Every structure is written in C-alpha cells, then in structure tokens.
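Chemist: Dropping the structure in here first, questions after.
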Amino acid sequence: MQVPGIATVSHHARVATKLAPGRPALWLGLRTAAAVGLPLAIAPWLPPLAATWAPIAGYGIALVDKGGAYRARAKGMGSVAIGGIAAVALGTLVAGHPEIAVPAVTIACMLCAFGQAFPPVGPAVGNTIAVHLMIAAFLPAHIGSLAGALTGYAGGALWALFLGLVVWPVRVYKPLRRAVSASLVALADYTDSIAAMKSRDEQLRNHRVIRDQLEVARRTLVTTRRGRGRESGRGERLLGIVHVADHMFGILVALEEVLDAGLPEASAGAVVRCLEAHAASLRQLADAVLVEGVQSIPPPAFDPATTLPTKDGASRQAAHMLARIHEERARATALIESLATDAEPATDLFVRVETPTPFSDVIRLHLNLDSAVLRHAMRVAICVLGASTIASIYALDHGYWITLTTYLLLQPNRSATTTRAVQRGLGTIVGAMFAAAVAWTITSSLLLTILIVILAGLSASVLALNYALFSLFVTPTFVLLAEMHTRDFLLIEIRILYTLLAGAIAFVASLLLWPARERVQFDEQMARALEALERYVGAVSTAVSAGAPAPSHDVVETRRTFGLALNNAETSLERIIAERQPSDVVEPRMSMVTLTRRLGAAINVFGTTRTVVAIQPHRPAITEFQSAIRTRIAELIGALRAGQAPETWRHAVPEIGDVTIMARRMRIERYLGLLGEAVTRATTPADEKAA
C-alpha cells in the first residue's frame, strides 16, 4: 500500500534536484570570486561595518550579471549598486527601531517584488536590493555607523562594476552573435528531428524552444542598439539573420506537417536527404556567425531543384518549400559574410525593431488584482510584515534570516514556491552542515577567506543549473561571509531551523493568500493563443486569396504572435503539471496545446498551396472555408472563457475542386475537430463526465 502523499513528495524532490540544461557558468564564477576576494583581502584594514558590507555588495552585484548585451548588464548591475546604497542607508537609519524598521522594510520589499514585472533581470535586481535592505535593517547598527556601511558598500559595488564592465573584455555585439548562433543551432536540431522522422510530439516541442530563442536574439538586439548614436550596420545584419531564421522556421514547420500527412516514398526520401544536408548547413552558419572576420562559407550540399519528383500536389509543395529554404539559406550566407566587410546586402530582409514598453506602462499594466505580479507583491508584504514582527517581538537572535528567506522563497505561483522551498531547504541543510564543519576545523583567517572566495565562485557558477545546488554553496558562503568577523558560528543550527520555518510560511502563504487557480490562468492564456491563431488564419487566407508572394510580412508577423501566445499557454500548462492536478484536468489541456500547434502547422501548409495551385477558380470556396474556421475558433475561445463546453461543430462548407487544397483542408478540419473535443473535456464538470 502506498503511503498517502508520497507521490507528491517524490515529485517535488525530483523537480527540486533536476539540473537545467547547460554547463556551469565558469566566467561568472570567476568574476564573482574576484568581486568577493579583494574586499575580503583588505578587510583587516577596514572599519568593521565597511569590512562586512564590501564583500556582500561585491557578491550581490556580481551575481546579478547574467551576461548578454553590455547595456543590459550595465543597467542591471548599476541598478543594484544604486538601489543597494539606498537600501543600506535606509536600513542602517531604522536599525534598532523595530516600530519604524518593520513597516519600512515591508513597503520596500513589496516594491522590490515588482521586479517580477521586468524579466529577465528585474527579479534578481529586486531580490538583491531587498536582501541588502533586510540585512541592514535588522543587524545591530546605529546612525553613527552609516558612513562606514555606505563606504564599504560603495567600494564593493564599484569593484564589482569595474570587474564586470571594464576588466572583462567588452565586445558589444558578441552577446548578439551568440544569441543568433544559438537560434541557428536550435533550428538545426529541429531540422534533424524532422529528417530522423522522430515522433510528432517531440518535433512539436522544438517549436517552443526555437520561438523562445528567436525572441532572446531580438531582445538582445534591442538592448544592444539602444542609445548608440552611430551604427555600423552589424546590428541590422544580425537582425536580418534572425529574420531569415524565422522564415526558415515557418517553412520547416510546414514541411513537418507535409511529411506527417504523407508523401510518396521517393519524395519523402529526397526531402529527408535535403533536410539532413540543410541541418549541417545551418550548423556551419551558426559557427560562422561567431567569427569576427572575413570568411567564406561553403555552399549547401543539396540542390532542391533537381532532387524531388513533382508529379503530385504534396510533392510540388515540398519541392517549393525546399527551394525557399535554399533561398533563405543563401540570404543568411550573404548577411553573415557582410558582417566583416560592411557590404550592402538586400535591404528587404530587415524588419523594424520593436521599442520596449515604457516603465510606467508596465507598472500600470500590473496595478490590478488580476495581475500575478501585484498578488505576489501583496503576498510578499504580508509575509515580510508577519515574519519581521514576530522576530522583533520575540527578539529572535538573527531573526532577520526568517524574513529574508521567506522573501526569497515566495514566487508568483504556488508550484514554483513549493519547488523553491524544497530546494532551499535541502541546500541549506547540507550547506549549513558544511559551514559548521568549516567553523570547527578552520581557524586560520587566511584559509577561511580563500574558502569563502571559492564558495562564492561555485555558487554563482551553478545558479542557472539548480537552485538547490546554488543554496548548498551560498549558505556556507553567506554564513561565513556575514559572521567571519564575529566568529559566531554556533548559530548554524538556528539558521537551518529558520530556513525550514520560512519554507513553511511561504508555502502556507501561497495556499491562502490570493491563490492562483492555474487552470483558470491556463484557459485564459489558451484563449489568447486561439485569438492569435484566428488572426493568423485571417492573414493566411488574405495571402492565399490575393496570391501574395511568399514570404508575406503579415503572415510572418501573425505567426510569430501566435507562437509567442502559445508558448505562454504551454508555460501555464507546466505549472498545472507541477501542481499535481488530476489527470482529467491535465490531459485535455495538454491535448489543447499539442493540437493547436498542429493546427497552426496545417494552416501554414494551407497557405503554401497558392504557390503550386491556381487559386482564382477556388477563391469563393476558400473564403467561405476560412470564414467557417475563424468562426469555430471564436466559439472555442468563448467556451474556454465561459467555462462551458462548446456546441458541436456543424459546418457546411462547399467542396474545393482541387485535390491538393482539399487534402490540406481535411487536415485543418481534423485538428480543429479534435481541438473542440479537448475543449469539451476541459470544460465539462467531473460529475457530468462520470455520468
């Protein structure tokens, strides 16, 4: 007999110990170690508070540096430096006055929690400032020590900024080159999966990875170019490569659907050979993007014009898609070769770079109770207020650790909070035991300093891999760093207890304070994805009816918007799975995401029929068909938002007198019918299902 709850515990343990893809960030670890090492080395000649704050500032600011565009790194690190100085000043001024310190820290932490609205760096910036404020506010201090605290913090901050922004090589476009290269590698992996005829579900999972990677490249470009007076043209060329990669992504999605629908054996074999060669070619391009110099890229090892039979409509479509991939690859090659020469490539490749949303607009967007960020900030405020009040009333020794850890564990959704609590608990227990062993065995200040520097570097290098592993290293780092001047190592067992208590507070708060019903959030995200799909259908229909040449700008942009919206829905689905919801909740929603991706691919292929079929004779029937599709999608959107099962689809669309178009139409109708069934299962109450 299985012990009740053991499956849930086992699930959270697996999630908490799972390593993210990638390798340790060794350069970040070295920078962080250096940021901590110098302040510790000169600590004996500094006033006590300055000696405490300098390495803490260096560590916190170095840890915020996630890499990427130089301007974004400077903005993130600089924000922590400025905000940290203000936090240390405020904390030191209110220290020893709990009647002022508690409300001041509560309000400030609530504001810092709004950093969640500004990913990817915003959360780290807000968290670091909040942590430094809590340390300053609840450690023994007085107004006379303000100068020493600020001097130490400013010195450590300037050293970390100098290391990250001056000493390390500054290559403005290097992060963008890496992001573009990563997009091409992701595209090559996807091409290989199609050529290898892997399961359709595995191929569909690549859609999200590629779309996310393309958006990372776009965001990196925006940040890199912002504020630059003179532009050499490399930015536009790198953006052009991203644009070309997006075109190829759309073509490959269509090819995936064509192969899944079925091709004659000879045609399928030719497509696979071309795709294998194209994957190798994409990897050549990915490597070439990283090279800063004149280079010659070899031509691709396939010629789609002579390799594919074109007797049937599906084969003609596949041949046209391969020819387009060949053209896009040539454009990407020209752009990459022009990076070093500043030659003028074709200007029609370039797209307008979106301007970021103004800061005030982002804040206004989240000033309502429907915002997960606002609910998170309010949850943080209540927990910080409660934890710091208890610590002050009962005069708990180092009670600020409860408040600080509670703040760090709280996440905008319950599943993430639970996982973070488990990770922090595991890492803290092991790390604290290690710190205790160090405290009892190492008495030399020099050896202790060296160990702190090593631990600081290790914690930074593994942060992106696993939070439990990070906690394992950061706990002894923080304990030894914060207490080395007082040698008060007997509090380690109390720190473990406080961490477990903070985890309990964060978990209970996520359950009771504005708990987000993730299935409701998913249904809304799914409805938005379907709205984007409906607009995509409209753009494809317009392009088909008008016989617009491929690629169509409107089709590309609406496909991108649809992909982003569906990625948001899939992220919400992952949170439902993490919450261990019943299978009758999870299964239909998983089906919705999968079927919507397949439906988008089928619509993509439908759009390519204009390149191989005379559309004019069939235009009225095509127009009526797309109208029926858009109407049905709108019905599914309404059903999701109303929480009611949609009506049975009764469409009466006239036959289209071309076998190629009819084949694509049947695939669309099939996926749309299955999607309607998934929506019905998701919106039907459990008692009705049982009946």
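Just so you know, all these numbers are worked out from the coordinates, no wet-lab data involved. Predicted model, so just to flag it, every value in this text is computed and none were measured. Every residue, glycine as well, gets a Cβ built from its backbone with ideal geometry; the counts of neighbours run over all protein chains shown.
Chemist: Quick one: Cα convex hull volume of the range 36-194, Å³ per residue?
Modeler: Here the figure is 122 Å³ per residue.
Chemist: Now a separate question. Could you compute Rg(Cα) / (2.2 N^0.38 Å) for the range 518-690, with N its residue count?
Modeler: 1.07
Chemist: Hey, for a label at V508 modelled as a point 7 Å past Cα toward Cβ, could you say which residues of the range 361-402 have their backbone N under 11 Å away?
Modeler: Zone members listed by number: 387.
Chemist: The chain: D in µm²/s via Stokes-Einstein (Kirkwood Rh, Cα pairs, 25 °C, 0.890 mPa s)?
Modeler: Once the numbers are plugged in, D ends up at 88 µm²/s.
Chemist: Also: I need the phi-derived Karplus couplings for the range 553-569: 6.51 cos²θ - 1.76 cosθ + 1.60, θ = phi - 60°, integer Hz, Gly and Pro marked x.
Modeler: Each residue of the range 553-569 in turn: 4, 5, 5, 4, 5, 6, 5, 5, 4, 4, x, 5, 5, 5, 4, 4, 5 Hz.
Chemist: Shifting gears a bit: Express in whole angstrom the spacing between the alpha-carbon centres of the range 537-569 and the range 384-435.
Modeler: Comparing the Cα centres of the range 537-569 and the range 384-435, I get a distance of 47 Å.
Chemist: Turning to a different aspect of this structure: Between A20 and L369, what is the FRET efficiency for a Förster distance of 35 Å, r being their Cβ-Cβ separation, to the nearest 0.05?
Modeler: Efficiency at R0 = 35 Å is approximately 0.60.
Chemist: Still on this model: Could you list D584, D554, D370 so that the one with the fewest beta carbons within 10 Å of its beta carbon is first and the one with the most is last?
Modeler: Exposure proxy ranking, most exposed first: D370, D584, D554.
Chemist: Let me ask something else. Please order W514, W440 by the number of other Cβ within 10 Å, starting at the fewest.
Modeler: With the sparsest Cβ surroundings first, the list reads W440, W514.
Chemist: With unit charges on the beta carbon (Lys/Arg positive, Asp/Glu negative), name the residue among I56, A663, A678 whose Cα is farthest towards the positive pole of the charge dipole of the chain.
Modeler: I56
Chemist: Return an integer: the convex hull volume of the alpha-carbon atoms of the range 19-83, in Å³ per residue.
Modeler: Dividing the Cα hull volume of the range 19-83 by its residue count gives 109 Å³.
Chemist: Here is a further query. Please order D361, D287 by the number of other Cβ within 10 Å, starting at the fewest.
Modeler: So the residues, fewest neighbours to most, are D361, D287.
Chemist: Taking only the alpha-carbon positions of the range 513-584 and ignoring solvent, what does the Debye formula give for the base-10 log of I(q)/I(0) at q = 0.12, 0.25, 0.28 Å⁻¹?
Modeler: So the normalised log intensities work out to -0.44, -1.02, -1.15.
Chemist: Amide H neighbours of Q411 under 5 Å, at least 5 residues apart or on other chains, H built in the peptide plane: list them.
Modeler: So Q411 has HN proximity to T417.
Chemist: Calculate, in nm to one decimal, what V272 and F162 gain on full extension: separation in residues at 0.36 nm each, minus their alpha carbon distance.
Modeler: Result for the pair: 34.5 nm of gain on full extension.
Chemist: Each residue of the range 492-500 in turn: what ³J(HN,Hα) in whole Hz from Karplus with 6.51, -1.76, 1.60 and θ = phi - 60°, glycine and Pro shown as x?
Modeler: Listing the rounded values in order: 4, 5, 5, 4, 4, 4, 5, 5, 5 Hz.
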